[in-house]
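Have a look at the structure below before the remarks.
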Amino acid sequence: MVNANASRFGDRAVYFHKDYATNRWEGTKWTDFQRDVESVSLAFEILGLKPQECVAVFAQNMPNNLVTDFATFRNRAISVPIYATSSKSEVDYIVSDANAHILCVGSQEHYDIAREVSRGNATLQQIITYSPDIKLQEDDSSTITWQNLLRLGEAASDACRRELKRREDSASSADIACLIYTSGTTGVPKGVILTHHNFDAAIAMHESRLEYDPETDISLCFLPLSHIFERAWTYFSISQGIRVYINQNPKLIQETIKEVRPTIMCSVPRFWEKVYTAVQENIAQMSFLQRTLVHRALKIGYTRNLKYARLGRKAPALIEAQYRFFDAKVFSKVRRAIGVDRGNFFPTAGAPLSKNITEFLHSIGINIIIGYGLSETTATVTCFPKVGFEVGTVGTALPELRYKIGPNNEILVKGDTVMQGYYNKPKETAEAFTADGWFRTGDAGLISENGSLILTERIKDLFKTSNGKYIAPQALESRLGEDRYIEQVAVIGDQRKYVTAIIIPAFEALKEYASKHKIQYRSVEELVKNSEIVKMIESRINELQKNFASFEQIKRFTLLPKAFSMETGELTNTLKIRRSIINKLYSREIEAMYA
């Protein structure tokens, strides 16, 4: 694919990265990408990499990640991405489990962790540093810098080049391409085995389902490339010639998105929840006349985009004229402020996004494509079709994929994008499939009358109160996520009389509220215990959950002064909450809510 696209696109940019020293975005030509892939491919062969051995990458999103991946594939070897936020123990485990002799690192912190791992890990033999700013430790004589790796490949012998060509010619679609280690909300991470056939099938399915233009579309690589969602999408974009802008610092995404103005960007619902709360906050601060105008605009936007365009129908002339007026005066300004004014579509998955937010975004002309998928299915299983999607669902199956509802309402999937199994885990692999070959997703769902998939809950997250009522915590957590004063929520209630919650407030918004209402406090700890603050949060929770059944509603909650984090084990690398850890760490606070 790299060679074919280099011939096709030549001097056109394949991707861009930002040089923070000059504050400029720099593009890499397809021909230069091809050259670097070849050099690193040869260097890997010289370093002793064998077909179907593993190369691990422990780095933030960087152009080097993609060069490494395709150089690994050229050797018929296996790419093993590791989340940039992983701990030393997680890196050690993955390197050992994958038997990776080579580990590429992106930053000083990653290098230091890699060196610690190498001292007690017999598997790891070679560290490669991506950034020229990384300072090697004095006793390190074996680590290779990226520039020296390129030089090593450029000076490869003819025999080495012949061996690389032999590997290319013997490649098979059944070769393992990647091991994607699940973030593990429970237990140790499992290496999901994805072959080249899995990725080829995923690319073909997306080609058939989506409408895009390689000449005009721009993809912003925002989620970690270690996440199957971003990884599969970026491979798809590169395969089609869609230019990719690589966001290297997740904390700067608000700035980056306004600079790049992508037409396409994969994201998780939390991104759009924050967009929604920011827009709602701005609306709340408008004059009565302005708010009236915006509410009228939203009503017209809903009618035009969801009652007509969604169904492939042409809106009546009066509705269309009003929409164009409001789009020019209101919606386009909102989209421009976010950075999505050139938007084509924005795939969103990984957790539920509330119906309110989905409808709001479509009403203002942001084409959110809600989808559902897993690492084990090479990302997408279902997504919104362009016409006829149902809000409240996660769309319909991609072409050639099948799903059905099994026992306990579990979603079962079959098709060419389903994994081969879990690396080194035959027992877990066997348990993941039914006797007739359907993959057990672990998610509960329903199928709508029109054939769309409705995702109801992660089965292992479902719990039952002592009164025998089943609770789906993610639905509540997603609803509360709409509120500007709430950042994170963990719903509690397994075998309890009623439902409670541990809540992390949005601290900056909370401080603004305290200042506006002249609430005195000396610390964040004191602020979250303030009776006025607690009463305010309680009223907002009650409003948000009023459409839930009484037994589902949160009866008591505790505000914490510190956010859940990966460092303490409360969150996975994909920012999912680990309920067992939260239950353990906050057992005192939880017990107090049931006293």
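Checking the condition at pLDDT 95 or above, among the aliphatic types (A, V, I, L, M) and part of a helix (DSSP H, G or I), which residue from 319, 253 passes? Break it down stepwise before answering.
Details: 253 fails: at pLDDT 95 or above.
Of 319, 253, the one residue that is at pLDDT 95 or above, among the aliphatic types (A, V, I, L, M) and part of a helix (DSSP H, G or I) is 319.
Restricting segment 116-143 to residues that are surrounded by fewer than 19 Cβ atoms within 10 Å (Cβ to Cβ) and not in a loop (DSSP other than H, G, I, E, B) leaves a set whose member that is modelled with the lowest pLDDT is 120.
Within the set 360, 384, the sole residue that is more than 20 Å from the chain's Cα centre (by Cα), crowded, with 17+ Cβ neighbours inside 10 Å, within 30 Å of residue 327 (Cα to Cα) and not hydroxyl-bearing (Ser, Thr, Tyr) turns out to be 360. Looking only at residues of segment 440-459 that are in contact (Cβ under 8 Å) with a residue 60 or more places away in the chain and touching a Ser or Thr at 6+ places or on another chain (Cβ under 7 Å), we find that the one that is most open to solvent (accessible area, probe 1.4 Å) is 454.
Just for segment 547-595: of the residues that are β-branched (Val, Ile, Thr), over 21 Å from residue 525 (Cβ atoms) and touching an Asp or Glu at 6+ places or on another chain (Cβ under 8 Å), which one is most open to solvent (accessible area, probe 1.4 Å)? Per the stated criteria, the residue is 581.
Looking only at segment 199-236, residues that are in a helix (DSSP H, G or I) and within 16 Å of the chain's Cα centre (by Cα) come to 9 in all. Within segment 410-428, being touching a Phe, Trp or Tyr at 6+ places or on another chain (Cβ under 8 Å) and open to solvent by 30 Å² or more (accessible area, probe 1.4 Å) holds for 414, 428.
Residues that are open to solvent by less than 30 Å² (accessible area, probe 1.4 Å) and under 17 Å from residue 381 (Cβ atoms) within segment 200-226 comprise 201, 202, 205, 206, 210, listed in sequence order.
Can you list the strands (runs of 3 or more DSSP E) found entirely within segment 1-111 that contain at least 3 residues being more than 27 Å from residue 173 (Cβ to Cβ)? Please lay out each step first, then the result.
Values: elements: 13-19, 24-29, 54-58, 78-82, 102-105.
Where strands (runs of 3 or more DSSP E) fall fully within segment 1-111 and carry at least 3 residues being more than 27 Å from residue 173 (Cβ to Cβ), they are 13-19, 24-29.
Within segment 165-178, is even one residue within 19 Å of residue 44 (Cβ to Cβ), surrounded by fewer than 19 Cβ atoms within 10 Å (Cβ to Cβ), among the β-branched types (Val, Ile, Thr) and in contact (Cβ under 8 Å) with a residue 12 or more places away in the chain? No - not one qualifying residue is present in segment 165-178.
Selection of segment 291-305 for residues being of a type in the set (A, V, I, L, M, F, W, C) and under 15 Å from residue 281 (Cα atoms) yields only 294. Mind checking whether some residue in segment 68-77 is in contact with a Ser or Thr (Cβ under 6 Å, 6 or more places away or on another chain), over 22 Å from residue 190 (Cβ atoms) and open to solvent by 10 Å² or more (accessible area, probe 1.4 Å)? Among the residues of segment 68-77, at least one is in contact with a Ser or Thr (Cβ under 6 Å, 6 or more places away or on another chain), over 22 Å from residue 190 (Cβ atoms) and open to solvent by 10 Å² or more (accessible area, probe 1.4 Å), which makes the answer yes. Looking at 13, 84, 43, just one residue is open to solvent by less than 40 Å² (accessible area, probe 1.4 Å), within 18 Å of residue 227 (Cα to Cα) and touching a residue at least 60 places away in the same chain (Cβ under 8 Å), and that residue is 84.
Among the residues of segment 158-198, the ones that are assigned to a helix (DSSP H, G or I), basic (Lys, Arg) and within 30 Å of residue 93 (Cα to Cα) come to 1 in all.
Which ones in segment 87-96 are charged (D, E, K, R) and surrounded by fewer than 21 Cβ atoms within 10 Å (Cβ to Cβ)? Spell out the reasoning first.
Going through segment 87-96, the residues charged (D, E, K, R) turn out to be 88, 90, 92.
Hits for segment 87-96 are 88, 92.
Against the list (1) out of contact with any strand residue (DSSP E or B) (no Cβ under 8 Å at 6 or more places or on another chain); (2) surrounded by fewer than 19 Cβ atoms within 10 Å (Cβ to Cβ), the condition residue 544 fails is (2). Tell me, please, whether a residue that is in a helix (DSSP H, G or I), open to solvent by less than 70 Å² (accessible area, probe 1.4 Å), polar (S, T, N, Q) and free of Cβ contacts under 8 Å to residues at least 24 places away in the same chain can be found in segment 294-316. Yes, that holds for at least one residue.
Mind telling me which of the residues 485, 423 ends up being under 30 Å from residue 283 (Cβ atoms), among the aromatic types (Phe, Trp, Tyr) and either in contact with a strand residue (DSSP E or B) (Cβ under 8 Å, 6 or more places away or on another chain) or in contact (Cβ under 8 Å) with a residue 24 or more places away in the chain (or both)? Even if it seems obvious, please write down each step before you answer.
On the way: 423 fails: under 30 Å from residue 283 (Cβ atoms).
Answer to the check: 485.
Annotation: of all residues in segment 263-293 being assigned to a loop (DSSP other than H, G, I, E, B) and in contact (Cβ under 8 Å) with a residue 24 or more places away in the chain, the one that is surrounded by the fewest Cβ atoms within 10 Å (Cβ to Cβ) is 268.
The values are calculated or read from the model by the stated rules, or taken from the named source; none is laboratory data. Owing to the predicted nature of the structure, the values given are computational and were not obtained by experimental measurement. Note: ideal-geometry Cβ built from the backbone for every residue, glycine included; neighbour counts use all protein chains shown. Only protein heavy atoms, including side chains, enter the accessible area calculation; ligands, DNA and RNA are left aside. Shrake-Rupley method; radii C 1.70, N 1.55, O 1.52, S 1.80 Å.
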